[in-house]
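The structure appears right after this line, and notes come after that.
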Amino acid sequence: VEGFLAVPPALARRLMPRRPAWNFETSSGRLHHREARAFRQWLDDLRGLFADRGGYPPAFEQNLQVWRQLWRVLERCDVAVLVLDARHPLLHMPPALVHHVSRTLKKPLVLVLNKLDTVCPDDAQQWAEVLRGAVPGVAGVVGYSKEAMRHDFGGLRVGREALIAECHRAHEEAVRRGSATVTHVSEPCSQAAAGGGSTG
């Protein structure tokens with residue numbers, strides 16, 4: 001976790017492309033042009049960063065359409081949910097994404113430790129405690145597994161219902177703090193719990 005926290009905010013901002021400023025009067029053609037130009041600039045900056053630091057650049061998404069979808073989903077959501085492999089959560093938790101959600105958008109972030117059936121309960125509980133307490137912006141941590149689990153995970157709540165409850169709790173807390181507005185988040189969540197939507 002120390003390595004994750006050691007990533008400077010300025011570097012975290014550079015590692016994820018930002019959507020250019022826009023408003024509802026911006027035409028779709030103009031916005032697409034601005035997004036494409038900003039994305040090309042980000043790719044150039046990133047290549048320069050890797051050249052300065054040396055070594056090989058990591059694999060990263062270079063399709064602008066994927067980033068456009070991510071930008072829009074994050075702008076519209078009340079609570080962001082990030083699914084992490086419970087065997088090594090930090091490997092699947094990009095500092096740039098955490099920074100963008102929690103600091104730029106100021107939205108609550110709920111982490112899901114997936115594949116709980118592959119780890120021992122003590123490890124999962126310790127990861128949940130560390131992620132909840134040490135990583136800024138993390139509003140909650142729950143567990144999930146498609147496979148049946150034979151162990152009790154103690155204080156780590158598990159399953160779809162736990163995720164929905166944690167998202168409601170995180171959103172209500174954000175509303176109390178004034179960083180979110182009241183919305184009707186319950187309907188899509190309830191549909192997902194009933195199997196009417198995909199939750200991963």
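The values are calculated or read from the model by the stated rules, or taken from the named source; none is laboratory data. These figures come from a predicted structure and were not determined experimentally. Neighbour counts run over all protein chains shown; Cβ positions are idealised from the backbone, glycine included.
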Could you please tell me which pairs satisfy a Cβ distance under 9 Å, a separation of 6+ or placement on different chains, a first residue in region 126-150 that is over 14 Å from Glu166 (Cα atoms), and a second residue that is of a type in the set (Phe, Trp, Tyr) and at pLDDT 85 or above?
none
For region 66-87, which residues satisfy the criterion of being part of a helix (DSSP H, G or I) and not basic (Lys, Arg)?
Val66, Trp67, Gln69, Leu70, Trp71, Val73, Leu74, Glu75
Kindly indicate whether Leu90 is more than 22 Å from Glu172 (Cα to Cα) and assigned to a helix (DSSP H, G or I).
yes
Please tell me if Gly178 is at positive phi and either surrounded by fewer than 19 Cβ atoms within 10 Å (Cβ to Cβ) or modelled with pLDDT of 90 or more (or both).
yes
Part of a helix (DSSP H, G or I) and either among the charged types (D, E, K, R) or at pLDDT 95 or above (or both): is that true of Arg150 in this structure?
no
Leu64 more than 20 Å from Arg169 (Cα to Cα), of a type in the set (A, V, I, L, M, F, W, C) and not assigned by TED's automatic domain parsing to the domain that holds Gly155
yes
Select from region 7-65 the residues that are among the acidic types (Asp, Glu) and assigned to a loop (DSSP other than H, G, I, E, B) and write down the one among them that is farthest from Ala96 (Cα to Cα).
Glu25
